[in-house]
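Structure, as structure tokens:
Each value in this text was obtained by applying a stated rule to the coordinates, not by laboratory testing. These numbers come from a predicted model, not from an experiment. All Cβ positions, glycine included, derive from the backbone under ideal geometry; neighbour counts span all protein chains shown.
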Amino acid sequence: MNAPPTAARPPAVQQLVLAIVLALGTGAANAAEPPTEAETAELLRRMSEQLGRQQAEIDTLRGQVEALLMQQRGRGLSGVPASQAADQDPAAQETARAAGQLATDERAQQDGDTATANQPATQPAVAAQDPAAAQPLQVGEARREEDAERREQEKALVVREHAPLFERKFTFETGLSYSYYDRRQLALSGFLALDAIFLGTLNLDQTKASVMTLDVSGRYGLTDRFSIEGSIPWVQRDTRFVSGGAGGASTEISEVQLSSSGIGDVSVAAYYQWVKESSRWPDIVTSLRVRAPTGRHPFGLKLIMADEDNNNLNIPEDLPTGTGLWSATANISALRTYDPVILFGNLGYTVYRPEKFDDISPVLDQVSPAEVSLGNTIQLSAGMAIALNDRSAISFSVASAFSAATHTTAPGKEEMRVPGSSSNSSTFNVGGTYALPSGWTLSSQATIGLTPDAPNFVLGLRASHTF
């Protein structure tokens with residue numbers, strides 16, 4: 001379907017003009033009244049304009065074909081020859097057929113013009129074709145349909161963590177994540193002499209925690225805008241406590257390891273899509289998630305001395321797997337497609353219901369009943385996802401969670417703020433998604449903590465399948 005380059009037009013026009021002149025000469029020898037010079041010039045002018053229009057249409061189609069092939073290479077088909085890439089894309093096939101048909105029409109038109117030149121000049125010339133009725137209009141329609149279908153496939157790869165795919169199908173999803181925390185705390189026990197010399201003991205405590213979470217989720221789309229979800233997590237915690245001062249010597253260090261596992265806080269959620277993406281609006285999805293305190297709460301866990309030679313090292317008798325409180329999280333997410341980039345943002349707010357506990361004291365042989373109210377949390381996140389092709393995508397995002405301080409209220413006493421309980425956890429996230437031919441979708445994510453309250457890093461892998 002390769003059309004002759006623009007540089008080859010002048011010789012072709014010269015040959016055509018020569019053929020017309022010879023034809024006119026033959027007609028002049030046989031006709032009683034030969035055409036005038038003005039009529040010949042007008043005929044040549046009309047033919048030259050028609051050839052220019054035909055060549056412009058061929059150049060336009062050639063540019064569309066080249067753009068389609070370049071885009072196919074950019075979407076992972078760089079190793080496929082241009083002819084095979086065009087065969088795999090319906091829009092490219094339609095463009096190729098249109099270009100070939102237009103080239104055939106041009107040659108037929110040239111033959112018809114040559115035949116017209118052999119007729120008397122007094123007969124009307126053949127009118128030029130209407131560019132508005134040319135084939136590129138159909139090519140553009142096919143291209144738009146193909147782009148819309150591809151964008152939907154690519155968007156489906158990157159919206160799973162922010163909003164569900166609203167389909168009347170059941171989706172099974174499971175995920176495994178590993179979080180690592182490393183905290184150090186310097187404890188001073190003594191006083192300053194002469195405002196410069198510290199008299200007493202210095203103790204550096206270190207806590208290294210690894211948290212492995214396995215969750216299983218099920219999601220079902222009731223309508224094309226509303227879906228429900230349920231999730232059950234299993235938590236495995238492994239913490240090492242390190243403290244100096246064993247045996248009264250500052251150079252001696254004690255280390256104790258504590259492990260615990262159990263079910264976490266189960267949750268149910270509902271998603272509703274208020275706005276579907278259009279030329280003016282992005283996808284807007286709201287959700288409400290409720291968590292139940294099915295995990296082991298951290299309140300009332302007693303601290304014990306794990307090393308008899310080191311009274312500086314006190315560890316809890318067990319590790320929690322949940323918050324111990326009912327909570328509800330409301331989210332609003334927005335997604336906007338700028339092919340091949342998808343921008344997304346999320347705003348969430350979590351409210352904890354205050355709960356009364358029979359004992360919240362960590363001291364052995366001491367009971368302190370109180371009501372605990374965890375601080376509400378605001379979540380913010382924004383990022384972008386890039387669809388590499390219809391099977392794989394990568395994403396980058398930044399997320400922050402701002403939690404207010406926790407308050408406790410003992411019976412008959414005023415509410416008290418727990419010192420150091422407020423937090424700011426900010427992370428940078430990099431993720432990748434790949435859709436397997438079997439129907440499973442794999443998603444991985446690496447998270448890096450940006451603030452002291454955030455985990456050092458988190459590695460996650462998820463798999464989902466729609467039945």
Problem - Within the range 337-370, backbone nitrogen closer than 12 Å to the virtual label 7 Å beyond the Cα of Ala404 toward Cβ - result: 350-354
Fill in the blank from the handout: Under the Karplus relation with 6.51, -1.76 and 1.60 and θ = phi - 60°, whole-Hz ³J(HN,Hα) for the range 439-456, x at Gly and Pro, equal x, 7, 10, 9, 10, 10, 8, 10, 10, 10, x, 10, 10, x, 7, 8, x, 4
Practice task
Excluding residues on the same chain fewer than 8 positions from Lys302, give the lysines whose Cα lies under 21 Å from its Cα.
Solution key: Lys208, Lys356
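If you put +1 on each Lys and Arg Cβ and -1 on each Asp and Glu Cβ, how big is the dipole of the range 266-328 around its Cα centre, in Debye rounded to 20? Please report the intermediate quantities before stating the final value.
Details: 6 positive and 7 negative charges, 136 e Å.
Computed about the Cα centre, the dipole is about 660 debye.
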